[in-house]
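Throughout, read-outs are computed from the coordinates displayed, never taken from laboratory work. Treat the numbers as computed from the prediction; the structure is a model and nothing was measured. No Cβ is skipped: glycine too gets one built from the backbone with ideal geometry, and neighbour counts run over all protein chains shown.
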Amino acid sequence: MKKFTITNESCTTGFFEHVTLDLAKPIEDQLRRRYLHVRKGSDPGSPRELIKIIEQNSSLRISFGWSFESSAVYNSMMQECLDELIPKFSVSNVHMVSDSRCDWLGFLPFDCFEKELLSEYSIYSLIEFNNELVKFQTDVIKFISTHKSFLQHSLIRNDEYRFKYYKVRRKDPVALSEAFQYYIESVKDTTGINSIPRSFVEEFIGCHFLHHPDTFFELVEFFMLKGNIYDK
């Protein structure tokens, strides 16, 4: 089985934990993963209890709040993620999935065979396995949340993220100019569209240039000359 698969069937249930990703918050806090620790002189717990924790940790669904433009872009990003992370982890039985909407990522819960294998682990092996599983999941989401394709899609399709992105740059004309160009590039990279209506730019990012309206109009004129913006 592939490490990441996009299925043709919709799937919204069957996961123990559901999280909607917020790029403004720490990844660890949002995922609510449970690490296990061995403390000297304390009861490490029974294997059955530890396996139950691992089963819960294995089942996780992350919602993006928007969809990738195409499954090809999503697949490409995930392949980059796996190429970077798989050599660092022993996660042969961890699999990820999404569906054709491409707006979420799921870590599949372990099946009966995989659960049976866990019963053969020692307590300390279970603790080590759990913590590596959690670290892998966390690193996958961190990789995704900093990937160029993910951030560009977020800028175009996540109103709240876009608002926060521009809000912190409102009083800096240089940062605003760079953010304006970033918006144009993101539209092109995510949709393949080279030229967009001026009304789109005014609606989606124009309100953030109230402190520097001249900068906004100069940028609009410049990108109209380049052919990236047009008047209807």
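Helix 123-145 axis versus longest C-alpha principal axis of the chain: approximately 10°, rounded to the nearest ten.
Residues Ser92, Ser125, Ser186 in ascending order of nearby Cβ atoms (within 10 Å, fewest first): Ser92, Ser125, Ser186. Using θ = phi - 60° in the Karplus curve 6.51 cos²θ - 1.76 cosθ + 1.60, the 3J(HN,Hα) couplings for region 208-218 round to 8, 9, 4, 7, 9, x, 4, 4, 4, 5, 5 Hz; x is entered for Gly and Pro. Derived scalar couplings between HN and Hα for region 3-10 equal 5, 9, 9, 9, 8, 8, 9, 5 Hz in order, rounded to whole Hz, by the Karplus curve 6.51 cos²θ - 1.76 cosθ + 1.60 (θ = phi - 60°), x for Gly and Pro. Full extension of the chain between Glu28 and Arg198 yields a length gain of 57.3 nm, computed as 0.36 nm times the residue separation minus the alpha carbon distance.
Computed over the chain, the per-residue total of -39500 (n - 2.57) for DSSP H runs of n ≥ 4 gives a 222 nm mean residue ellipticity of -16000 deg cm²/dmol, rounded to 500. The spacing between region 211-231 and region 103-167, judged by their C-alpha centroids, is 39 Å.
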